[in-house]
Amino acid sequence: MSKKRNLLLSLAAALLMASCYNEGILVNNPAPLMYYQHRPTEVRLLALTKTYAEAINHNLKDGVIHPGQYADYGVALAKLGCLQQANVMFNNEKTFFPNSSKYVDFLKRTFTPNQAGDNHFDTTQIDLKTLDTIKVQYTPEELAQQQQLEADPEYQKMLKQQQLEEKEAKALAAKKAKQERAKAKEAERKALAKEKEKAKREKAEAKKAEQKAKEEAKKAAEKERAEAKKAEQKAKDEAKKAEIAAKRAAEKAAAEAKKAEEKAQKEAAKAAEKAQKEAEKAARKAEKEAKKAAKDQASDTQDE
């Protein structure tokens, strides 16, 4: 039974490689390549092609494309007759790795000569369903093996178990994806709540700053009014002081003028009195001189 199971597993691996799940690049799952190299057939080439596609999709998801993957995939497609798709894959290789252009152009001339001038590329995920439409020719041995497998209850049981495992894997992946979506949604909710709280806090801070600015403006206005009032009072005081000083100056000037007038009057009186005395003195002198002149004249008359 063990030998039979091993044989079934080997046959299943050879004929149903398209259903294998590749978690890395092709080098992590070398079985399809080894089977094809051991005995190339269209069936094994198709399985190899699907493995290439799965590896490329996985690496696209991880954002790490390995040199040569698109070129090898294109060669496999070309050998299966999918020339247009093969040419797109060759162009993808040139897009990701321009240094390979010379070698890829050689592949294009060799495998897709009619599309050699077509540079269309498509680096999105590969639709694996399109590979299921490729028709391949089974060898008599592969056909006999396929019929033997289909007639074997253990193989059918293994297929059902595989389908169940795939279904469980898909369900698990869906559950995980749902959890990831829920986690992402929760993270988004928390981020939004955080942003909302931040906005609320910023709004409160802005309001507080505005209130503070108003209070400071009010204080500044009150200070300006107080200073203006103080300046006004000071100006009034200065004006009053100036008025008093002017009044005192005027009074002082009037007193000095009066004093000067009195002094001038006194001096004028003294001058008038002095002038009168001098006039009287001059008059007496003139009278005396006149008497003397008259006496002298009278004496002269007598002498004659």
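Read-outs: derived from the displayed coordinates by stated rules, not from any lab. Owing to the predicted nature of the structure, the values given are computational and were not obtained by experimental measurement. Cβ coordinates were reconstructed from backbone atoms using ideal geometry, including for glycine residues, and neighbour counts include every protein chain displayed.
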Original post:
Short version: ³J(HN,Hα) in whole Hz for each residue of segment 47-52, in order, from phi by Karplus 6.51 cos²θ - 1.76 cosθ + 1.60 (θ = phi - 60°), x for Gly and Pro, what are they?
Top reply: 4, 5, 4, 5, 5, 4
**OP:** Would you order Thr123, Thr41, Thr301 from fewest to most other beta-carbon atoms within 10 Å of each residue's own beta-carbon?
**Re:** Thr301, Thr123, Thr41
Original post:
Taking only the alpha-carbon positions of segment 161-303 and ignoring solvent, what does the Debye formula give for the base-10 log of I(q)/I(0) at q = 0.12, 0.14, 0.21 Å⁻¹?
Top reply: -0.93, -1.00, -1.20
Subject >> Highest to lowest packing among 82-91, 273-282, scored as the average C-beta count within 10 Å >> reply: 82-91, 273-282
Subject >> Filter on Lys129/Lys175; Lys50/Lys135; Lys50/Lys79; Lys79/Lys108; Lys79/Lys135; Lys214/Lys234 - keep pairs with C-alpha separation over 20 Å >> reply: Lys129/Lys175; Lys214/Lys234
Subject >> Given charges at beta-carbon only (K, R positive; D, E negative), |dipole| of segment 170-221 in Debye >> reply: 400 debye
**OP:** For segment 55-116, give the magnitude of the charge dipole about the Cα centre (Cβ charges: +1 Lys/Arg, -1 Asp/Glu; no others), in debye to the nearest 20.
**Re:** 140 debye
Original post:
How would you rank Thr139, Thr124, going from fewest to most other Cβ atoms within 10 Å of each one's own Cβ?
Top reply: Thr124, Thr139
